[in-house]
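Below is one structure, written out as structure tokens, with a few remarks after it.
The values are calculated or read from the model by the stated rules, or taken from the named source; none is laboratory data. A quick note: this is a predicted structure, and the numbers were derived from the prediction, not measured. Using ideal geometry, Cβ is built from the backbone for each residue, glycine included, and neighbour counts are taken over all protein chains shown.
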Amino acid sequence: MQRLLVIVLLFFALILSAQNPKQYNLLHLDADIHINPYEKTVSGKLTYRLQLLKNTDSIVLDAPGINIKKIKIGCFKTYFYQADKVLIINKKLKKNKTYRLHITYQVQPHKAMYFVGWNKGGRKQIWTQGQGKDNSHWLPTNSDQNDKFTWHFKIYFPKDYRVISNGEFLSSQTINDSIAISEFQQTQPAPAYLMFIGAGKYAEQRILTCKGIPVYNYQYPDKLSNDKTYYKTQTIFDAVAKEIDFAYPWKNYKQIPCRDFLYGGMENVSATSFNGDRYVIDSIDFNDVNFVNVSAHELTHQWFGDLVTGKSSADHWLHEAFATYYARLIDRKIFGKNYVDYQIYQYDRQIIARQNTDTIPLHRPNASSLTYYQKGAKIIDMLRQKLGEQNYRKLIKTYFKRFAYGNAGTQDFKNLLYEITGDSLPQFFKIWFEDYRIPKFELVQHRDSIIFKENLYQLPLDFLIITDKNSYRIQKYKSFKLPDYQTVKTVIPNPDNQKLYDVHFIKSDDWIKNQILLAPDFIDRYRALIQIQDWDFDRKDFIFQKLINRQEYFPVYQEIIKQIKTDLNETHIQMLAKLFQKGLKTRQQLAIQLDSIPVKLKKNYRSLLDDASYITKQTALWHYWVQFPDEREEILNKMQNIKGGNDKAFRMTWLSLALMTENYKMSEKQNFIKELVAYSSPKYNMLIRLNAFDMLMQIRLIDTEVIENIFDASFHFNWRLHQPARRYLKILYQDDRYRLLIDRKLKTLSEKQRAFFKKFFKD
């Protein structure tokens, strides 16, 4: 009993000692990693070279669920313990000495390494997603992001698949009929969470940046024709590098699409993995969704996050805010200012609307994604405005010089700011980093005066004054009078939405009208247009006509459609006819918003079926089919060979309409059902399956195979699939027609799984 107590006490002492991550530095890892995708197992032999920072009796590594076979330090076998999520190596080690730690292990990872398609069909892939501490689920390591080291991987994998990892590819060698070794080395230090291994059937495209950096874009071999996934990759890379103005820190760069990926993308060092289900696109898909922003965001992380890593979770903004900000700059370069301004405005509205519930500030752990990414990006933009171009660029360049291949925290950033400018901006950081509230301004126009009724932080507010002869800007923080008031056409606070401010301005109808028609920036015209939603049409039709007769960015026309569609008189029908002559995005809004198609616009609306947008085609097909039943067979025949984008949403809409159309292709109905049901199977990617489940639920095409597929999805590793699947099962279980099918399937599950669902169905 006494011996047991000693062991327990020793164990807890070791656990406590593990809480200090700086007992040692990992310097380098040599790893032989054997991956069996069919068994979903990993086994390996690791050799860490580490340096002790203090005398210690133990070394602790993160190793949740990993079966450790053997440990050696140097040539000597060493005792070790495993408890909870850690591996504790019991050995007296001396400060400043360097040791070699040998680990032999095996694991069936429950997270961080994902095996897709190996037993259930479809694309066969493995890929890792280690952000946070998750890579320790497939490889024992120190997950602390402050511990950076280099590594050399020999990866054993079935020989017919391409293996991709961080750093430089050294060689590939077939060792027997089934296995090949792929060798990679990462020669610059990085934290463990940025390790990446991926494998699958990929074609490789190599380009060079203007600085000669090799960029490898990987693509599915069957998607090479008409591929628009990697649109302007070189432009994106060169533009990001130029904006950051610090040399790209790694030997090369890779972009790898992954099936059923957890997020949009992940910035593994030198190897970005991304959601192939969503972003592997053709030229028509490109008009609805593109990879440009995600590509630029993850590339920016190669500097912000990978080269210089935050010290703690409170410093997460140093990764995500900057990555989001620079991606916005690239969007602007490629798609234009209006494109970016509209997106930023939408996010700003969300931030302001949620400020009373989304109350964790930017400089805190566990802030929301909206805060870290979108709010953070806007704050970086405001910081740049405040510092001026020269100081901002010097700050960023010095930041990377000072902390390259290391870690930095918010205080380091502020210290550097003070060093460069002589001002650490305490008020700016207090408002934007330490508080969640958005600066609010309540303004009222009273004849020739602008009255400040509220100014939360007593901040100066910019105004654009437009007169009948010119325009000018002023900055005020309290009430003021307008000179030459009789010449003023309108006054725009926070022009061009440059600051993240919550501005409420009560002003005359004439000023609102003039802002719509005269404001130089699209976003100010759009903001004013929203304000006239409740005006009578006899007051605003004139404004609509003016806007339609000139070239505006599509959200202006989107708002006009929204305001006139409930009153389709002759004037408004003529307006819509003109809008059909506008660009692709405006036409898409006509498809989406016009549930009721005026007969006079029937020909115009039908032309939407030919647009280069799967969203437009899908929406127009549905509305046209509903409203003109006599033409159902004709339009179904017209669209029958269009497979749609990577998510098959258009194709599934066509199949459902074909099934619901009386006497249409009766001999093929069973094939249509079979195809639609098949899209719900594990053979297909997550987006296809979600669309299939949604469609099958809508038309209540539920049979044993569908129930089987929904259950399969309910156990999927990706919550974006398993949560909806479980909800669908719960809905179906309430219906007597399907309860019997579900009960039959429940009998085939494990006792633990049955217990989960029985409780889930009752809750």
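Points worth noting:
- The numbered conditions (1) within 25 Å of Tyr279 (Cβ to Cβ); (2) surrounded by fewer than 17 Cβ atoms within 10 Å (Cβ to Cβ); (3) β-branched (Val, Ile, Thr); (4) out of contact with any helix residue (DSSP H, G or I) (no Cβ under 7 Å at 6 or more places or on another chain) are all true for Ile642 except (4).
- Residue check for Lys72: in contact (Cβ under 8 Å) with a residue 24 or more places away in the chain, in contact with a His (Cβ under 8 Å, 6 or more places away or on another chain) and surrounded by fewer than 20 Cβ atoms within 10 Å (Cβ to Cβ): yes
- Residue within segment 350-359 that is among the charged types (D, E, K, R) and crowded, with 21+ Cβ neighbours inside 10 Å present: no
- Single match in Ala271, Ala296 (criterion: crowded, with 22+ Cβ neighbours inside 10 Å and within 13 Å of Ala377 (Cβ to Cβ)): Ala296
- Of the strands (runs of 3 or more DSSP E) lying entirely inside segment 106-219, those containing at least 2 residues that are of a type in the set (Phe, Trp, Tyr) span 113-116, 148-158, 214-219.
- Residues that are in a loop (DSSP other than H, G, I, E, B) and under 17 Å from Leu46 (Cβ atoms), drawn from segment 75-94: Cys75, Thr78
- The condition of being out of contact with any Asp or Glu (no Cβ under 9 Å at 6 or more places or on another chain), in contact (Cβ under 8 Å) with a residue 12 or more places away in the chain and outside the structural domain of Gly132 (by TED's automatic domain parsing) holds for only one of Thr174, Thr229, Thr235, that being Thr235.
- Selection status of Asn494, within 21 Å of Asp341 (Cβ to Cβ), in contact with a Ser or Thr (Cβ under 6 Å, 6 or more places away or on another chain) and surrounded by 12 or more Cβ atoms within 10 Å (Cβ to Cβ): no
- Any hit, segment 529-550, residues being closer than 22 Å to Pro598 by Cα and touching a Lys or Arg at 6+ places or on another chain (Cβ under 6 Å): yes
- Within segment 167-196, the set of residues being in contact with a Pro (Cβ under 8 Å, 6 or more places away or on another chain) and within 15 Å of His34 (Cα to Cα) comprises Ser178, Ile179, Ala180.
- Hits in segment 558-571 (condition: more than 36 Å from the chain's Cα centre (by Cα), part of a helix (DSSP H, G or I) and in contact (Cβ under 8 Å) with a residue 24 or more places away in the chain): Thr571
- Comparison of Phe261, Phe237 shows that the only residue that is surrounded by 24 or more Cβ atoms within 10 Å (Cβ to Cβ), assigned to a helix (DSSP H, G or I) and either at pLDDT below 95 or under 21 Å from the mean Cα position of the chain (by Cα) (or both) is Phe237.
- Residues satisfying the stated conditions in segment 300-316, i.e. over 15 Å from the mean Cα position of the chain (by Cα), assigned to a helix (DSSP H, G or I) and in contact (Cβ under 8 Å) with a residue 60 or more places away in the chain: Ala314, Asp315
- Residue match in segment 442-450 (condition: within 24 Å of Arg384 (Cα to Cα), touching a strand residue (DSSP E or B) at 6+ places or on another chain (Cβ under 6 Å) and not hydroxyl-bearing (Ser, Thr, Tyr)): no
- Sub-9 Å Cβ pairs linking a first residue in segment 244-257 that is basic (Lys, Arg) to a second residue that is modelled with pLDDT of 95 or more and assigned to a loop (DSSP other than H, G, I, E, B), at least 6 apart or interchain, are Lys251/Gly167; Lys251/Ile213; Lys251/Ser270; Lys254/Asn166; Lys254/Phe196; Lys254/Asn268; Lys254/Ser270, ordered by first then second residue.
- Answer from Val289, Val269 - the residue that is part of a loop (DSSP other than H, G, I, E, B), among the hydrophobic types (A, V, I, L, M, F, W, C) and under 15 Å from the mean Cα position of the chain (by Cα): Val289
- Segment 622-649: number of residues that are touching a residue at least 24 places away in the same chain (Cβ under 8 Å) and over 30 Å from the mean Cα position of the chain (by Cα): 11
- Unique match (being of a type in the set (Lys, Arg) and touching a strand residue (DSSP E or B) at 6+ places or on another chain (Cβ under 9 Å)) among Lys602, Lys582, Lys513: Lys513
- Single residue of segment 186-210 satisfying the filter (farther than 16 Å from Tyr253 by Cβ and touching a strand residue (DSSP E or B) at 6+ places or on another chain (Cβ under 6 Å)) that is surrounded by the most Cβ atoms within 10 Å (Cβ to Cβ): Ile197
- Some residue of segment 497-517 being surrounded by 18 or more Cβ atoms within 10 Å (Cβ to Cβ) and at positive phi: yes
- Boolean, Asn718 is outside the structural domain of Gln125 (by TED's automatic domain parsing), at pLDDT 95 or above and in contact with a Pro (Cβ under 8 Å, 6 or more places away or on another chain): no
- Flag for Tyr557 being in contact with a Pro (Cβ under 6 Å, 6 or more places away or on another chain) and closer than 23 Å to Asn287 by Cβ: no
- Test: residue in segment 34-43 that is under 18 Å from Phe149 (Cβ atoms) and either over 32 Å from the mean Cα position of the chain (by Cα) or hydroxyl-bearing (Ser, Thr, Tyr) (or both): no
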